[in-house]
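The block underneath contains the structure these notes are about, expressed in C-alpha cells.
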Amino acid sequence: MIRNFLTCDGQTYANSHGGVGEITVQKVFRRTDFQGAWDFVLRVIMPPNSSMGVHQHARDEEMYIILKGKGLMTIEGEAKRVGVGDMILNKPEGTHGLLNDSDEDIELLIIQASNKT
C-alpha cells in the first residue's frame, strides 16, 4: 500500500489536547490499515503560536518526527528544543506536548503503536 502524505485529506482541530490555536491533521494510515500493533500515522502542520497541550496516553507509544520547523517539546515536565530531524519517543503513560513558538510552521509525522500486553 502506498499513500502520499502530501495529498491526504486534512482536518483542522482547535485547541488540540488543551493546547492553543488550530492545527491541521492528515490521517495517512489508520488502525484498519495495519495488521500489527500500529494505530496510526498522522502528518501534522502546526502554525506559529499553536500547540498540542501536554497530555498523557495509556499504554500507547508515540513517535514524533520533526520534518520542518522548530519548537519546544515538553516530555515528563521537562522542556527541550526540537527541530528538523529530531525523533521524539513518547513512552507509555508518559506526558508530552509540543509548542510552536517560532515564526514558521512545524511539520511533523506522528506514529502510534499500542502495547496490548
The condition of being farther than 21 Å from ALA113 by Cα, without any contact (Cβ under 8 Å) to a residue 12 or more places away in the chain and of a type in the set (Ser, Thr, Tyr) holds, among THR12, THR7, THR32, only for THR7
Apart from one, (1) out of contact with any Gly (no Cβ under 8 Å at 6 or more places or on another chain); (2) buried (at least 17 other Cβ atoms within 10 Å of the Cβ) all hold for ASN115; the odd one out is (2)
Residue pairs qualifying under the 6 Å Cβ cut-off, at least six apart or on distinct chains, with the first in segment 94-117 being touching a residue at least 40 places away in the same chain (Cβ under 8 Å) and the second being aromatic (Phe, Trp, Tyr) and part of a strand (DSSP E or B), are LEU108/TYR64; ILE110/TYR64; GLN112/PHE40; ALA113/TRP38
Of the conditions (1) among the charged types (D, E, K, R); (2) in contact (Cβ under 8 Å) with a residue 60 or more places away in the chain; (3) under 25 Å from THR32 (Cβ atoms), the single one that GLU61 does not satisfy is (2)
Counting only residues in segment 54-82 that are loosely packed, with under 15 Cβ neighbours inside 10 Å, more than 13 Å from the chain's Cα centre (by Cα) and not charged (D, E, K, R), the one modelled with the lowest pLDDT is identified as ALA58
Over segment 11-44, the set of residues within 20 Å of GLU107 (Cβ to Cβ) and of a type in the set (Asp, Glu) is GLU22
Restricting segment 83-94 to residues that are outside any loop (DSSP other than H, G, I, E, B) and within 13 Å of the chain's Cα centre (by Cα), the one surrounded by the most Cβ atoms within 10 Å (Cβ to Cβ) turns out to be ASN90
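The values are calculated or read from the model by the stated rules, or taken from the named source; none is laboratory data. Every value quoted in this text rests on a predicted model; they were computed, and no experiment measured them. FYI the Cβ positions are ideal-geometry reconstructions off the backbone, even for glycines, and counts take in every protein chain you see.
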